[in-house]
Every structure is written in C-alpha cells, then in structure tokens.
Amino acid sequence: MRSTYLPYGRQSVEECDIQAVVDVLRSDWLTSGPKVSEFEESLAARVGAKHAISFSSGTAALHASAFTAGLKPGDEAITTPITFAATSNCALYQGATPVFADVSRDTLNLDPAELAKKMSSKTRAILPVDYAGHPAELDAILQLARNRGLIVIEDACHALGAEYKGRSVGGIADMTVFSFHPVKHITTGEGGMVATDHSEFAERLRRFRNHGISSEARQRQNTGQWHYEMVMLGYNYRLPDIACALGIEQLKRLDANLARRREIASRYTTAFRQIPGVIPPSIRTDANPAWHLYPIRLELEKLAADRAQVFRALRAENIGVNVHYIPVHLHPYYRDRFGYRGGEYPVAEDAYLRLISLPMFHGMTDHDVDDVIMAVGKVLSCYAA
Ligand SMILES: Cc1ncc(COP(=O)(O)O)c(C=O)c1O
C-alpha cells in the first residue's frame with residue numbers, strides 16, 4: 001500500500017510561475033491591465049479562435065455564454081446529465097430551463113440522437129460537454145443546431161488542448177468555455193475563458209464581465225477619458241492580472257502537460273485491459289482527448305462488490321479516487337424543482353453506478369501510476385465474483 005495519499009488531481013506550480021505573479025504584484029496593474037489581454041491572446045492563438053475573453057471562473061464564463069446566447073425565461077437549453085452542475089446551472093441563472101438528453105454509451109458524451117428527441121420550439125441553445133477531456137460529437141451537434149438556428153456553447157472545462165477531427169476544441173463551437181481550476185490542465189487558481197470566432201459575441205461577453213460597461217478601465221486611461229456608459233446589466237466577473245500572469249506561464253507548458261496526461265492514460269489503459277472487472281475509457285477514432293479525468297467503469301457483473309466498496313478499498317490503499325459525476329438531474333435541487341425521480345436517463349444512470357475517477361494529473365510520476373495500477377489490480381482481484 002502507498003504510504004502517502006495520492007490525490008485525483010493536482011496543480012503544478014514552478015518558480016517561473018511564482019516570479020511572473022510577483023512581477024505583476026510590483027507593477028501598476030493588479031487587474032484590468034496588460035496581462036489580461038496577453039493571456040487572452042495567447043489562449044485564443046493556442047485553441048485557434050479569433051477571440052478569447054477571460055472570466056473569474058469557468059462558471060462565470062458559462063453564465064456569460066448563456067447570456068450571450070440570448071437565453072431567457074421560457075427558453076430551453078439542452079445538455080448532458082453527466083457533468084458538473086455548473087453546466088446546466090448557467091441556463092437557470094438566465095431564467096431558462098435546462099433539459100437533459102442521455103449520453104452515448106462509449107464516451108458518456110451527449111448522444112446526438114437523444115439530443116434530437118429533446119429539441120422543441122423552446123430550444124435556444126445546446127451545451128455539449130467534453131466529458132473527461134474527450135470532445136463531444138461536435139459535427140452532428142452543430143448540424144442539428146444549424147438546422148434550427150440554435151447556438152452551441154461547448155463546455156470544454158475538461159478539454160483544453162483536446163482535438164476533434166484534427167482541430168483544437170475552442171475554434172469549433174459558437175462559444176467554447178474553459179476552466180483554470182487547480183485540477184485542470186493549466187491553472188490560474190480560479191479562472192475561466194470563453195473562446196469564440198464571433199466578434200459580436202466577444203463584445204457582449206466583455207461587457208457582461210464588466211458590469212455591462214461599454215469600455216474598460218485601461219482603454220479609458222489610455223485615451224485620457226473619464227466617461228463611460230453602462231449599457232446593459234452585467235457583473236464583475238473579471239480575472240485579475242495576478243491570475244493572468246500565472247495563466248500565461250502555465251499555458252507555455254500546456255503541450256508538455258497534455259503529453260504527460262496522454263502517456264499516463266495510455267499506460268493505464270494497457271494495464272487495465274488485463275484486469276477483469278475494469279472497463280477503461282474509450283476513445284473515438286476522430287478524437288484526441290485532453291484527459292482531465294481518467295474514469296474507469298466497473299463491470300459489476302464480474303464483481304462481488306458494488307462501486308462504494310471498491311471506492312472505499314481504493315481509498316484505503318491511499319489512492320485518491322473520486323466519482324464524476326452524480327447525474328445532475330438526480331441532485332435534490334433538480335429533483336425538487338423539476339420532479340426528476342431517477343430512471344429518466346438510463347445510460348447515464350447506469351454509468352454513474354460504475355464510475356470511478358482514478359488519479360490523473362501531469363505531475364504524477366511513473367511510480368504513482370504503478371501504485372494506482374497495482375491498487376486497482378489488488379482490489380478487483382479481492383472482489384472477483
Ligand atoms: C464540466 C465542468 N463545467 C464547468 C465547471 C466550472 O468551472 P469552475 O470551477 O472554473 O467554475 C467545471 C468545474 O470543474 C466542470 O468540470
């Protein structure tokens with residue numbers, strides 16, 4: 001058994017990150033300064049989008065995207081139940097109704113056939129999620145959206161650097177949302193970004209994060225103006241220069257981080273193919289996942305234990321396993337408000353009973369990876385039916 005606890009995700013912060021933050025602390029601009037646009041331009045270039053607009057979190061970025069898509073009371077936004085609640089909550093923030101559609105059995109991403117069944121005259125937006133870092137079926141989803149004039153907001157909070165049909169996610173959907181929480185591929189502490197090719201959307205997103213004001217502080221300082229106008233209701237969702245400086249340094253290591261995550265995933269998958277009772281995550285031929293998570297599914301039919309027992313046994317081995325996700329419609333808030341009882345999304349609900357996220361972060365050593373593989377092998381052989 002491991003002597004120390006191995007978390008499921010963890011940031012890597014290096015001396016250059018710390019120095020970049022210290023430099024900003026000694027500068028004139030702690031927020032709304034030059035590091036914000038530098039981080040945004042670097043990220044837009046990396047993901048192949050014309051614009052990137054930073055936010056104080058991925059959740060704020062989702063809220064701004066829902067606003068920008070025009071979601072309002074009476075509208076519906078369709079998403080997947082296998083996600084973090086922030087995805088569907090962004091529709092609620094706008095007074096709209098989230099509608100769930102079941103997932104594909106292999107990737108656990110929004111199933112386009114199920115999505116089509118849930119579309120109605122009220123649907124205004126679709127929110128696919130790149131679960132675990134595997135891109136959603138974007139072409140099929142965009143096709144359905146284009147046929148009806150709907151807006152696609154891709155929740156790529158798991159998928160910075162993932163590729164779909166050879167293109168980076170970020171330049172494909174109408175708006176693509178990223179998160180820089182410490183367990184993600186790069187971090188700013190808290191933080192998020194929306195990538196988009198639409199100049200009009202970019203303008204609305206910028207205003208929304210800055211109280212609905214038509215110009216930003218640095219613009220006014222540079223042009224020597226004091227006058228500004230609040231033209232719509234917005235929020236303070238700004239990401240400060242301190243965080244952006246960290247993001248700029250972290251982004252320089254994104255490719256190395258992705259390469260390490262892909263290496264770990266490949267070692268895991270090779271090992272787990274040999275262990276009865278484990279189904280490793282599958283990869284579509286048109287996808288190159290970013291591996292935010294490595295979620296295995298248990299073949300409960302081959303085990304004399306349920307997921308909770310396997311989970312506890314792995315934690316007892318000091319392996320920081322987790323579960324992503326309790327299907328969103330099964331949370332008490334959603335049950336109480338929308339009357340869900342369970343049974344509505346059979347593929348998602350069956351997957352939930354089997355899912356365990358194993359440790360996956362770019363700072364893991366080979367030794368850490370071996371510890372996880374050994375612990376999984378040990379626990380599952382103990383529980384073999
Ligand atoms: C799929 C998904 N969407 C949205 C978010 C929200 O991002 P943040 O924590 O940056 O607000 C998360 C956070 O983990 C997430 O996993």
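The values are calculated or read from the model by the stated rules, or taken from the named source; none is laboratory data. What you are looking at is a predicted structure, and each value in this text was computed from that prediction instead of being measured. Glycine gets a Cβ as well: all are built from the backbone with ideal geometry, and neighbour counts include every protein chain shown. Heads up: the accessible areas ignore ligands, DNA and RNA and are worked out on the full protein's heavy atoms, side chains in. Shrake-Rupley method; radii C 1.70, N 1.55, O 1.52, S 1.80 Å.
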(message) Of everything in segment 132-189, what is over 16 Å from the mean Cα position of the chain (by Cα), small (Gly, Ala, Ser) and open to solvent by less than 30 Å² (accessible area, probe 1.4 Å)? Give them in sequence order.
(response) Ala145
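Given the criteria under 22 Å from the mean Cα position of the chain (by Cα) and more than 29 Å from His362 (Cβ to Cβ), does Arg261 qualify?
Details: under 22 Å from the mean Cα position of the chain (by Cα): yes; more than 29 Å from His362 (Cβ to Cβ): no.
No: the conditions fail for Arg261.
For residues that are aromatic (Phe, Trp, Tyr) and in a loop (DSSP other than H, G, I, E, B), scanning just segment 352-385, find the one that is nearest to the chain's Cα centre (by Cα).
Quick first cut of segment 352-385, residues aromatic (Phe, Trp, Tyr) only: 352, 361, 383.
Now narrow it down to the ones that are in a loop (DSSP other than H, G, I, E, B): 361, 383.
Values: Phe361: 15, Tyr383: 33 Å.
Filtering segment 352-385 for residues that are aromatic (Phe, Trp, Tyr) and in a loop (DSSP other than H, G, I, E, B), the one nearest to the chain's Cα centre (by Cα) comes out as Phe361.
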(request) Output the residue which, of all residues in segment 304-320 that are of a type in the set (D, E, K, R) and in contact (Cβ under 8 Å) with a residue 40 or more places away in the chain, is surrounded by the fewest Cβ atoms within 10 Å (Cβ to Cβ). (result) Asp306
(message) Between His227, His329, which is more than 30 Å from Val372 (Cα to Cα) and out of contact with any strand residue (DSSP E or B) (no Cβ under 9 Å at 6 or more places or on another chain)?
(response) His227
(request) Residue by residue through segment 38-50, note down the ones that are more than 19 Å from Gly166 (Cβ to Cβ) and open to solvent by less than 30 Å² (accessible area, probe 1.4 Å). (result) Phe39, Glu40, Leu43
(message) For segment 66-108, which positions are surrounded by fewer than 24 Cβ atoms within 10 Å (Cβ to Cβ), under 16 Å from the mean Cα position of the chain (by Cα) and closer than 21 Å to Tyr333 by Cβ?
(response) Phe84, Ala85, Ala86, Asn89
(request) Filter segment 335-378 down to the residues that are hydroxyl-bearing (Ser, Thr, Tyr) and in contact (Cβ under 8 Å) with a residue 24 or more places away in the chain, then identify the one that is most open to solvent (accessible area, probe 1.4 Å). (result) Tyr352
(message) Whether any residue in segment 31-44 is more than 16 Å from the ligand (Cβ to nearest atom), of a type in the set (A, V, I, L, M, F, W, C) and either at pLDDT below 95 or on the phi < 0 side of the Ramachandran plot (or both) is what I want to check.
(response) yes
(request) Name every residue in segment 141-171 that is over 17 Å from Ile53 (Cβ atoms), in a loop (DSSP other than H, G, I, E, B) and more than 16 Å from the ligand (Cβ to nearest atom), in order of residue number. (result) Gly149, Leu150, Lys165, Gly166
(request) Return only the number of the condition from (1) closer than 21 Å to Pro98 by Cβ; (2) within 19 Å of the chain's Cα centre (by Cα); (3) in a loop (DSSP other than H, G, I, E, B) that Ser120 does not satisfy. (result) (2)
